[in-house]
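The values are calculated or read from the model by the stated rules, or taken from the named source; none is laboratory data. Just so it is clear, the model here is predicted, and its values are computed rather than measured. Quick reminder, even Gly has a Cβ in these numbers, built from the backbone with ideal geometry, and neighbours come from all protein chains shown.
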């Protein structure tokens with residue numbers, strides 16, 4: 001392609017990416033290195049239907065002047081990144097000094113909001129992603145081997161979990177696993193414990209969130225693999241059959257290598273998605289048991305007093321986390337590219 | 001979320017009243033756009049304001065449970081999207097902090113001389129909001145269950161625990177106590193109630209320095225934990241709505257619940273006859289031998305945005321004044337809230353809030369940094385209630401989380 005053609009071809013999407021992705025990220029970074037002005041607080045008398053009380057309020061006139069001079073607030077550098085709500089360097093160092101074992105240190109870490117969120121986020125990412133890929137592949141192989149007539153409806157039903165809005169899907173599951181719901185009661189009967197409650201137990205809540213995650217994203221892996229299965233070379237498959245390969249051997253030595261690039265693609269997308277796990281925590285009201293980085297951002301912005309800088313710092317840390325997570329795959333793609341170019 | 005173009009509604013109301021609404025409001029131009037929480041009493045007020053629509057006057061309302069997440073942003077622009085936010089004593093603080101609402105003194109002098117003085121919320125001598133209803137959490141109990149165990153309605157949390165034990169022992173209910181203990185805002189509110197009931201102070205006097213890691217704080221946490229022993233094990237996922245559902249399902253006999261939500265529990269919709277006909281409200285309870293109830297008093301009121309034209313401000317003021325005029329009270333709306341409006345007669349369902357006021361319950365604190373403490377409380381209580389950490393550790397965590405947030409917002413250095 002000529003350079004000029006190429007330029008005009010990518011120009012619209014480059015502009016869109018600059019406007020809607022790059023600029024917001026820059027603004028988030030700027031926000032995260034600033035904190036609010038030192039508040040000028042005055043003592044006033046507040047009166048209402050229940051009488052008068054002494055209270056404090058922000059002196060708006062004084063604050064307005066500060067804001068006019070520096071609309072962004074005070075420059076704080078990386079202070080927010082290292083405070084207790086984020087990397088908590090002071091607290092972690094203190095915990096390291098007093099801990100006598102790794103377990104104790106881990107306990108201290110899990111008591112800090114960022115590491116608690118990170119703990120669940122990473123567990124979720126590394127458990128849900130492989131399970132999604134395996135389940136998606138199994139569904140794809142199964143659907144691909146049934147007769148053509150029922151494939152259409154089967155594909156539709158297999159895609160349903162992805163079609164259902166995440167919030168609605170998780171709410172439905174939430175009521176089903178209630179102690180009086182169909183799954184909750186079934187579990188109680190299964191283990192013979194009538195007081196068992198999924199929502200009241202941290203390990204069970206984690207499992208429930210991960211089951212939901214796999215259920216919700218397996219269709220994505222399925223549809224990608226299903227498309228890939230249509231391109232498997234039939235001649236190779238036939239010659240493998242003639243060589244005496246059974247069904248498992250054909251999948252292992254012919255189909256899987258053929259689908260490897262797709263696996264990389266699904267893994268990339270799923271790692272990114274799962275690292276930003278959010279909706280199930282909100283709709284399962286699971287924040288007492290599991291929090292994630294995205295949930296922390298939401299929580300900062302949802303209070304009566306919005307903590308913009310804190311939310312911005314967590315956002316930047318999330319971006320860095322995604323970058324680290326994807327780096328092995330990206331490095332490999334880059335090497336492949338260079339090898340081809342050479 | 002409920003949004004309506006109020007022209008149709010206004011027409012409907014005009015037909016009902018059989019009078020010209022234009023004459024009632026006396027407006028000929030202006031834009032009125034209301035944002036607020038969604039419960040029956042606020043819907044009534046918004047509908048009353050919408051009666052002023054017509055001619056050159058536009059009235060819109062966006063009532064949603066997520067109002068706090070959008071009202072500041074919706075009033076920061078110039079001109080502001082919302083000309084009025086309906087708020088309570090906690091949420092007005094965020095609007096004052098961000099300087100998005102205007103003092104109402106001029107508008108009152110010109111158009112609101114007839115608003116009773118006690119409805120005016122003044123901050124530093126300036127009227128910032130007009131209150132129209134009071135709210136509080138108080139006891140809700142099942143008469144039949146208490147009669148069965150032969151106990152009077154509890155007046156203290158200690159009595160409530162004793163009654164709960166009897167109900168469980170006699171096999172009437174497994175988990176007789178209810179309450180909105182969902183991790184987050186709800187749970188923080190329960191701590192606030194109980195801590196004030198124990199006579200606790202949230203801050204070192206005259207500063208934004210938090211101090212809850214004390215005897216009262218520990219007593220508060222232990223009482224909350226004692227209550228949860230008698231609750232459905234899923235209590236950390238139950239907000240007010242889920243708790244109400246538990247009540248209507250007949251699983252609960254005693255709970256601390258919002259006055260504004262009791263009407264729904266006592267009507268014949270959504271529950272069996274034995275449940276709704278035996279649902280009674282009582283006064284808020286005290287705890288630990290204290291005299292002030294372990295509850296907080298709330299008012300709901302309306303404000304007028306700062307960044308709007310004077311014409312829109314006048315229209316907003318007059319429309320909302322119309323929304324809280326005595327004409328909005330009828331058989332249906334009377335029991336929706338403890339109205340501060342002339343002609344209001346308390347219904348039995350409102351007795352809980354009325355006694356909360358009479359007993360001198362503490363109003364929810366109106367401090368610029370208290371929202372940060374509420375968030376910190378909501379995030380850090382669950383571990384203790386699940387038995388994962390000690391009370392002292394939980395209180396230390398709350399103080400540390402608050403301090404980090406208050407530093408970021410410039411309240412502490």
Task: Selection within region A:282-303 - away from chain B (no Cβ under 12 Å) and part of a helix (DSSP H, G or I) - done: A:293, A:294, A:297
- [ ] From (1) farther than 30 Å from residue A:157 by Cβ; (2) free of Cβ contacts under 8 Å to residues at least 40 places away in the same chain; (3) more than 8 Å from chain B (Cβ to nearest Cβ); (4) within 35 Å of the chain's Cα centre (by Cα), pick out the condition that doesn't hold for residue A:40.
- [x] (4)
TODO: Could you tell me which of the residues A:240, A:227 is over 17 Å from residue A:138 (Cα atoms) and in a helix (DSSP H, G or I)?
DONE: A:240
Task: region B:202-225, residues that are more than 21 Å from the chain's Cα centre (by Cα) and within 13 Å of another protein chain (Cβ to nearest Cβ) - done: B:203, B:204, B:205, B:206, B:207, B:208, B:209
- [ ] Would you be able to tell me the number of residues in region B:73-95 that are within 11 Å of another protein chain (Cβ to nearest Cβ), within 19 Å of residue B:309 (Cα to Cα) and buried (at least 20 other Cβ atoms within 10 Å of the Cβ)?
- [x] 1
- [ ] Could you check, for region A:65-87, whether at least one of its residues is over 24 Å from the mean Cα position of the chain (by Cα), surrounded by 12 or more Cβ atoms within 10 Å (Cβ to Cβ) and under 30 Å from residue B:116 (Cα atoms)?
- [x] no
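Quick grid of which residues meet (1) more than 14 Å from chain A (Cβ to nearest Cβ); (2) touching a residue at least 12 places away in the same chain (Cβ under 8 Å):
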site: B:327; (1), (2): yes, yes
site: B:330; (1), (2): yes, no
site: B:335; (1), (2): yes, yes
site: B:341; (1), (2): no, yes
site: B:348; (1), (2): yes, yes
site: B:365; (1), (2): no, yes
site: B:370; (1), (2): no, yes
site: B:374; (1), (2): no, yes
TODO: May I ask you to verify whether residue B:204 is touching a helix residue (DSSP H, G or I) at 6+ places or on another chain (Cβ under 9 Å) and surrounded by fewer than 16 Cβ atoms within 10 Å (Cβ to Cβ)?
DONE: no
- [ ] Among the numbered conditions (1) at pLDDT 90 or above; (2) facing chain B (nearest Cβ under 9 Å), tell me where residue A:18 comes up short.
- [x] (2)
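Is it the case that residue A:235 is away from chain B (no Cβ under 14 Å), within 29 Å of residue A:204 (Cα to Cα), free of Cβ contacts under 8 Å to residues at least 60 places away in the same chain and in a helix (DSSP H, G or I)?
Values: away from chain B (no Cβ under 14 Å): yes; within 29 Å of residue A:204 (Cα to Cα): no; free of Cβ contacts under 8 Å to residues at least 60 places away in the same chain: yes; in a helix (DSSP H, G or I): yes.
In short, no.
Yes or no, residue by residue, for (1) surrounded by 24 or more Cβ atoms within 10 Å (Cβ to Cβ); (2) within 26 Å of residue B:193 (Cα to Cα):
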{"site": "B:280", "(1), (2)": "no, yes"}
{"site": "B:289", "(1), (2)": "no, yes"}
{"site": "B:294", "(1), (2)": "yes, yes"}
{"site": "B:318", "(1), (2)": "no, no"}
{"site": "B:323", "(1), (2)": "yes, no"}
Task: For residue B:319: the one exception among (1) in contact (Cβ under 8 Å) with a residue 40 or more places away in the chain; (2) over 27 Å from residue A:305 (Cα atoms); (3) within 8 Å of another protein chain (Cβ to nearest Cβ) - done: (3)
Task: Subset of region B:363-405 (residues that are in contact with a strand residue (DSSP E or B) (Cβ under 8 Å, 6 or more places away or on another chain), in a helix (DSSP H, G or I) and surrounded by fewer than 24 Cβ atoms within 10 Å (Cβ to Cβ)) - done: B:399, B:403
Task: Residue that is surrounded by the most Cβ atoms within 10 Å (Cβ to Cβ), among those in region A:304-324 that are free of Cβ contacts under 8 Å to residues at least 24 places away in the same chain and part of a helix (DSSP H, G or I) - done: A:311
- [ ] Scan region B:105-112 and give yes if some residue there is modelled with pLDDT under 95, in a loop (DSSP other than H, G, I, E, B), out of contact with any helix residue (DSSP H, G or I) (no Cβ under 7 Å at 6 or more places or on another chain) and under 21 Å from residue B:325 (Cα atoms), otherwise no.
- [x] no
